[in-house]
Amino acid sequence: MEKSTFRFSRIQFRLILWGLGFLLFFTLIAAVAIGPVSIPLIAVWQIVRESFFGSPSENINSAYVNIVWYLRLPRAFQAIATGSGLAVTGAMMQAVLNNPMADPYILGISSGASVGAVLVILFNLFNSLQTYALSTAAFIGGISAFFLVLLLNKNRYEILRLILSGVAVSSALSSLTSLLIFQARHGEGIQSVLFWLMGSLARAEWSTLPLTILVVSFGITFMIMSARILNALSLGEETAITLGVKAISCRYSIMIVGTLIVGVLVAQCGTIGFVGLIVPHLVRLFFGNNHRKLIPVCALAGSIFLTWVDIACRLVVKPAELPLGILTSLCGAPLFIFLLDRKSTIGIRKK
Amino acid sequence: MIKVKNLFLERGGNKILHDISFQLKPGSFAGLVGPNGSGKSSFLKCLYRALYPQAGFIYFEGKPLPSLNLKQTARKMGVVIQEHNTDFDFTVFDLVLMGRTPHHQPWERDSDEDYQIVEKSLNQVGISSLKNRIFSTLSGGEKQLVLIARALAQQAVLLILDEPTNHLDIYYQLEILQLVNSLPITKLAALHDLNMAAQFCEYLYFVNHGYLVASGCPQDVLKPALIYDVFGVKAIIGYHPANQKPYLFFQMEKDIYDLNIK
């Protein structure tokens, strides 16, 4: 008779959370120190401390200051916010749509955002917004695609219909994006469009971080607080109703919060595939499906995973860098398949 | 306990239920019988609020059902639905713990009292040894027991079961119906096996094409003429040798043919 490995005691679970938190802190330091130019940890510490309380003193190498304070640190925070946001919304979409194949982009958000971003990059729309033009357009595009999907399901509440209309809207908008790229004249624009489409954290900067972090931490808190509802919904609509959960309205409000998170993230970093699919499933292998544990662990694991992938992106082809989306799928997929095969040997499910 | 008056239900232009009225006596075990597609499941869905009837009234403990919110009914009504497939793995303990959902705000933690209630429900159903197992790895009969334990953890006073013995071997069919029968709460189950229904239920409600065609105690409901009308099957009524409850013997076409030759 096999036993589950899911049931950690309260203390064990707390220790695991602390361990992951420590690992995240270590990851943050690594993300700032490691790169094409390695920076000694003491300098990193000095720069962070002094920049935080005003401007850094003269005796520090100003190139280091630029790299640490203006490039790597905001980028590391962006990676943490993006990784945790995507992992948590992935877990939540899977529960709410009752489908293990669901990912954060399943309801058309990324393809809508792509149309917005491509319009800005290739045709200079929203010029008046300057540096925020791209993210604003992408956010609006993503959110409108999501609401289009909702509108198509206004009077019907079947999950499968919702997913399939998400797929339909996604593919229609992707071909619109392709059409726009095909029509475009200048090659340089196409290059940056491709970079955006494949996902990257290179655009991270201090000015947009507070909003991103605010939205993501609100979203994660909301999901942790809705853990009971997510549990009930993942058993299916009817069971949720018999457990006293207003299945349809809860599903929509959770989806809207999820979309808000993904919308903000897509606007900043483009489409980063696979994180929202692989991280929740990896965490499920070890912690089971109880969302009270799943969501916080996903948030930590997602941010650690994405930050390390981003570090790898900067190192693999230095001094250039690889789009993040390529590496997440490239290293994510084999790891995922390896673990799926190991599932039986770690004693979680034997049939 | 629960009272239904003139219930009508339509789905996608098809009339599913016509003018159904009935009343459940507290503490009794009532069975809902009838052919496939007769409206048994739809009727239960109206009671556990997965479907909304177009007309008619349902009163739960004297109050009209729409005046109660889902949480209020979930604290008193446990449901074992027919399809409980989930792609997500939960341990038996966690699944039974979800029976505590309606007793909490979404953000509240589970208390020690909740854990005690879950242990007690597992004990009552006799599956304490399964509590660390993963639900999807259990046999069909064990799964049903877990779902009944979850309903008990809800502290339900009314238990609704939609064909709880479907696809189960005879051991689990008896195990589950005896367990349900022994619970000191009101029970309503849709059942396929007329003989099982006759053995365990105090009352039977016979549904056909969405109409309630007969109701009462088993010996009044299970008449060969009615069985033939509804199922198109010839039956002979006998009695169970041990408890004298009605027991139906069905005639095979082959037997009738053999009889005619002789």
ask   = Taking helices (runs of 4 or more DSSP H) that do not extend beyond region A:206-281, which have at least 2 residues that are more than 30 Å from A:Pro74 (Cα to Cα) and among the aliphatic types (A, V, I, L, M)?
value = A:227-233, A:237-242, A:247-269
inquiry  = Tally up the residues in region A:34-54 that are in a loop (DSSP other than H, G, I, E, B) and of a type in the set (A, V, I, L, M), please.
reply    = 3
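Is there a residue in region A:215-231 that is more than 7 Å from chain B (Cβ to nearest Cβ), crowded, with 22+ Cβ neighbours inside 10 Å and farther than 26 Å from B:Arg100 by Cα? Steps first, answer last, please.
Step one: filter region A:215-231 for residues more than 7 Å from chain B (Cβ to nearest Cβ), giving A:215-224, A:227, A:230.
Narrowing the set further to residues that are crowded, with 22+ Cβ neighbours inside 10 Å leaves A:216, A:219-220, A:223, A:230.
After this cut, where a residue has to be farther than 26 Å from B:Arg100 by Cα as well, the list is A:216.
Yes, region A:215-231 contains a residue that is more than 7 Å from chain B (Cβ to nearest Cβ), crowded, with 22+ Cβ neighbours inside 10 Å and farther than 26 Å from B:Arg100 by Cα.
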ask   = within 20 Å of the chain's Cα centre (by Cα) and of a type in the set (Ser, Thr, Tyr): does that describe B:Ser38?
value = yes
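Take the conditions touching a helix residue (DSSP H, G or I) at 6+ places or on another chain (Cβ under 8 Å), among the hydroxyl-bearing types (Ser, Thr, Tyr) and surrounded by 13 or more Cβ atoms within 10 Å (Cβ to Cβ) and apply them to A:Ser171. Does it pass?
Working: touching a helix residue (DSSP H, G or I) at 6+ places or on another chain (Cβ under 8 Å): yes; among the hydroxyl-bearing types (Ser, Thr, Tyr): yes; surrounded by 13 or more Cβ atoms within 10 Å (Cβ to Cβ): no.
So A:Ser171 does not fit the description; no.
Being assigned to a helix (DSSP H, G or I) and either polar (S, T, N, Q) or touching a residue at least 12 places away in the same chain (Cβ under 8 Å) (or both) is the filter here, so list the residues in region A:157-167 that pass it. Spell out how you get there, then give the answer.
Residues of region A:157-167 that are assigned to a helix (DSSP H, G or I), as a first pass: A:159-167.
Hits for region A:157-167 are A:Ile159, A:Leu162, A:Ile163, A:Ser165, A:Gly166, A:Val167.
Which residue, of B:Ala156, B:Ala242, B:Ala151, is farther than 30 Å from B:Gln116 by Cα and either in contact with a strand residue (DSSP E or B) (Cβ under 8 Å, 6 or more places away or on another chain) or not polar (S, T, N, Q) (or both)? Before the answer, list the steps.
Details: B:Ala156 fails: farther than 30 Å from B:Gln116 by Cα; B:Ala151 fails: farther than 30 Å from B:Gln116 by Cα.
Only one candidate passes the filter, namely B:Ala242.
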note = By residue number, the members of region A:42-74 that are charged (D, E, K, R) and touching a helix residue (DSSP H, G or I) at 6+ places or on another chain (Cβ under 7 Å) are A:Arg72
query = Looking only at residues in region B:99-112 that are surrounded by 15 or more Cβ atoms within 10 Å (Cβ to Cβ) and more than 25 Å from the chain's Cα centre (by Cα), which one is nearest to the other protein chains (Cβ to nearest Cβ)?
reply = B:Pro106
key: Odd one out for A:Leu107, checked against (1) assigned to a loop (DSSP other than H, G, I, E, B); (2) surrounded by fewer than 24 Cβ atoms within 10 Å (Cβ to Cβ); (3) of a type in the set (A, V, I, L, M, F, W, C)   = (2)
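Which members of region B:163-183 meet the condition of being in a helix (DSSP H, G or I) and in contact (Cβ under 8 Å) with a residue 40 or more places away in the chain? Quick ask: steps written out before the conclusion?
Quick first cut of region B:163-183, residues in a helix (DSSP H, G or I) only: B:170-182.
Result: B:Leu179, B:Val180, B:Asn181.
Suppose we keep only residues that are touching a Cys at 6+ places or on another chain (Cβ under 7 Å) and away from every other protein chain (no Cβ under 14 Å) within region A:79-98. Which one would you say is nearest to A:Thr271 (Cα to Cα)? Spell out the reasoning first.
Initially, region A:79-98 is screened for residues touching a Cys at 6+ places or on another chain (Cβ under 7 Å), giving A:82, A:87-88, A:91.
Subsequent filtering for residues that are away from every other protein chain (no Cβ under 14 Å) retains A:82, A:87-88.
Details: A:Thr82: 11, A:Ala87: 13, A:Val88: 16 Å.
The residue in question is A:Thr82.
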key: Candidates B:Ile148, B:Ile117, B:Ile160, filtered to the one that is more than 22 Å from the chain's Cα centre (by Cα), outside any loop (DSSP other than H, G, I, E, B), β-branched (Val, Ile, Thr) and more than 8 Å from chain A (Cβ to nearest Cβ)   = B:Ile117
key: Qualifying residues in region A:194-210 (those that are modelled with pLDDT of 85 or more and over 15 Å from the mean Cα position of the chain (by Cα)) - the one surrounded by the most Cβ atoms within 10 Å (Cβ to Cβ)   = A:Thr208
query = Considering only region B:218-262, how many residues are of a type in the set (A, V, I, L, M, F, W, C), exposed (fewer than 10 other Cβ atoms within 10 Å of the Cβ) and at pLDDT 90 or above?
reply = 2
ask   = Do you know which residues across region B:120-138 are free of Cβ contacts under 8 Å to residues at least 12 places away in the same chain, more than 10 Å from chain A (Cβ to nearest Cβ) and of a type in the set (Ser, Thr, Tyr)?
value = B:Ser128
ask   = Somewhere in region B:68-84, is a residue within 30 Å of A:Ala102 (Cα to Cα), among the hydrophobic types (A, V, I, L, M, F, W, C) and touching a Gly at 6+ places or on another chain (Cβ under 6 Å)?
value = yes
message = Which condition from (1) at pLDDT 90 or above; (2) over 27 Å from B:Ser182 (Cα atoms) is the one that B:Gly12 breaks?
response = (1)
key: Any hit, region A:305-321, residues being more than 19 Å from A:Ala227 (Cβ to Cβ), free of Cβ contacts under 8 Å to residues at least 40 places away in the same chain and not in a helix (DSSP H, G or I)   = yes
note = Filtering region A:55-70 down to residues that are of a type in the set (A, V, I, L, M, F, W, C) and not in a helix (DSSP H, G or I) yields A:Ile60
key: Candidate set: region B:18-35, residues that are part of a strand (DSSP E or B) and over 18 Å from B:Ala198 (Cβ atoms); chosen: the one nearest to the chain's Cα centre (by Cα)   = B:Leu24
message = Anything in region B:78-98 that is under 19 Å from B:Pro164 (Cβ atoms) and either assigned to a loop (DSSP other than H, G, I, E, B) or at the interface with chain A (Cβ under 7 Å from one of its Cβ atoms) (or both)? List them, or say none.
response = B:Val79, B:Ile81, B:Gln82, B:Glu83, B:His84, B:Asn85, B:Thr86, B:Met98
message = Of all residues being of a type outside the set (S, T, N, Q) and surrounded by 17 or more Cβ atoms within 10 Å (Cβ to Cβ) in region B:68-77, which is nearest to the other protein chains (Cβ to nearest Cβ)? Just the residue, please.
response = B:Ala74
Long-range neighbours under 6 Å by Cβ, at least six apart or interchain, first residue facing chain B (nearest Cβ under 9 Å) within region A:284-296, second among the aromatic types (Phe, Trp, Tyr) = A:Gly288/A:Phe6; A:Asn289/B:Phe88; A:Asn289/B:Phe90
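Here is a list: A:Ile272, A:Ile254. Which entry is touching a helix residue (DSSP H, G or I) at 6+ places or on another chain (Cβ under 6 Å) and more than 11 Å from chain B (Cβ to nearest Cβ)? Explain how you work it out, then say what you get.
Working: A:Ile254 fails: more than 11 Å from chain B (Cβ to nearest Cβ).
It is A:Ile272.
The values are calculated or read from the model by the stated rules, or taken from the named source; none is laboratory data. Computed from a prediction, not measured in an experiment: that's the story for all the values here. Every residue, glycine among them, receives a Cβ derived from its backbone with ideal geometry; neighbour counts consider all protein chains shown.
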